[in-house]
Amino acid sequence: MKRTGFLFDERYLLHKTGPYHPEVPERLTAILEGITQGGLIEKLVPIPAAPADLLWITSVHTAEYVKRFDAACRSGKQMFDSPDNQMCAQTYETALLAVGGILEACRQVMEGRLDNAFCAVRPPGHHAEVSRAMGFCYFNNVAIAARYLQKQFGLARVGIVDFDVHHGNGTQHIFEDDPTVYYYSIHQHPSFAYPGTGREFEYGRGDGYGYTKNSPVLPGQGDEDYQRLLERDLFPAFAEFRPEAIIVSAGFDGHRDDDMSDTKLSTEFYTWMMRQIMHLANTHSSGRLVSVLEGGYCLQRLPELARHHVETLLDG
Ligand SMILES: [Zn+2]
């Protein structure tokens, strides 16, 4: 059994998005319930969260953006940059705390105290651009984690696997001209899904050309289509890139019961997919893997999805 860390903090529930928003605190309560009911919580190492140092936030975002976000929050605004980004007075602090917890997870994995970790955080991150909030996201959690692994621990190559059903436009843009971070995303086709990026021909730019890979999937498709694309696109790409650590943007909104997409993945497929990603980490990355929650809005399915996700991490 692996030493698997679990990041959760009651304060992640304090970011409130109003009455008609799918990105609600109950998502995390459902995840916690799934892990607790499965008796898994005793097998996991709790990861403490403290607000991230701004030094790390500004390794990805502009200082001006961070200030603007903080000021908007303090001024009592209920929306930031986009109607999708509903917020409250605690949103900025919660976003800092999400990044802080994820960086602690990365640190413990890099220092060998943990083999891997699952970070059940809010708000999510992969749509956040360098200087703009988008799609429920404020700070790009996984992008900041990748920069932290590079700057603090000297990793030369970091691999990001994003299986949220939406393309991680922010993460792609942050690393698109950077050959040291490989961004792979599998998602519902941008012609039929938010945010409208992540087409097959988006390979990166300049020095980063060839270090971005997108596998768009048409609406209505599911397990077999995903499996085929992962085998065709992700496995050979990471075998060649050999990331020294893998960060997962773990979104569960491609589940067939999740209203946020027309993608038809089964619970069993999520387990299979995570096993494959673990296998990539074991083969190329000394097992180092940090999984970070993105989307996933079906409160009935999140408990089982989270339970299987964590069981897979424990099984190694
Ligand atoms: Zn999503």
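Here is the figure for region 228-264: residues that are within 16 Å of the ligand (Cβ to nearest atom) and part of a loop (DSSP other than H, G, I, E, B) total 12. Determine whether Asp225 is surrounded by 15 or more Cβ atoms within 10 Å (Cβ to Cβ), away from the ligand (no atom under 16 Å from the Cβ), more than 24 Å from Val290 (Cα to Cα) and not aliphatic (A, V, I, L, M). It is true that Asp225 is surrounded by 15 or more Cβ atoms within 10 Å (Cβ to Cβ), away from the ligand (no atom under 16 Å from the Cβ), more than 24 Å from Val290 (Cα to Cα) and not aliphatic (A, V, I, L, M). Against the conditions (1) in contact with a helix residue (DSSP H, G or I) (Cβ under 8 Å, 6 or more places away or on another chain); (2) open to solvent by less than 60 Å² (accessible area, probe 1.4 Å); (3) not hydroxyl-bearing (Ser, Thr, Tyr), Asp84 satisfies every one except (1). Go through region 276-310 and report how many residues are of a type in the set (D, E, K, R), open to solvent by 20 Å² or more (accessible area, probe 1.4 Å) and in contact with a Ser or Thr (Cβ under 8 Å, 6 or more places away or on another chain). Qualifying residue count for the region: 2.
Conditions (1) modelled with pLDDT of 95 or more; (2) hydrophobic (A, V, I, L, M, F, W, C); (3) within 14 Å of the ligand (Cβ to nearest atom), marked per residue:
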site: Phe153; (1), (2), (3): yes, yes, no
site: Ala156; (1), (2), (3): yes, yes, no
site: Ile160; (1), (2), (3): yes, yes, no
site: Phe163; (1), (2), (3): yes, yes, yes
site: Gly170; (1), (2), (3): yes, no, yes
site: Phe175; (1), (2), (3): yes, yes, no
site: Phe192; (1), (2), (3): yes, yes, yes
site: Thr197; (1), (2), (3): yes, no, yes
site: Glu202; (1), (2), (3): yes, no, no
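Out of curiosity, is Arg122 basic (Lys, Arg), outside any loop (DSSP other than H, G, I, E, B) and in contact (Cβ under 8 Å) with a residue 24 or more places away in the chain? Spelling it out, it is not the case that Arg122 is basic (Lys, Arg), outside any loop (DSSP other than H, G, I, E, B) and in contact (Cβ under 8 Å) with a residue 24 or more places away in the chain.
The values are calculated or read from the model by the stated rules, or taken from the named source; none is laboratory data. None of these values were measured; they are calculated from a predicted model. Positions of Cβ are backbone-derived with ideal geometry, glycine not excepted, and every protein chain shown enters the neighbour counts. When the accessible area is computed, the model is the full protein with side chains, heavy atoms only, and any ligands, DNA or RNA have been set aside. Shrake-Rupley method; radii C 1.70, N 1.55, O 1.52, S 1.80 Å.
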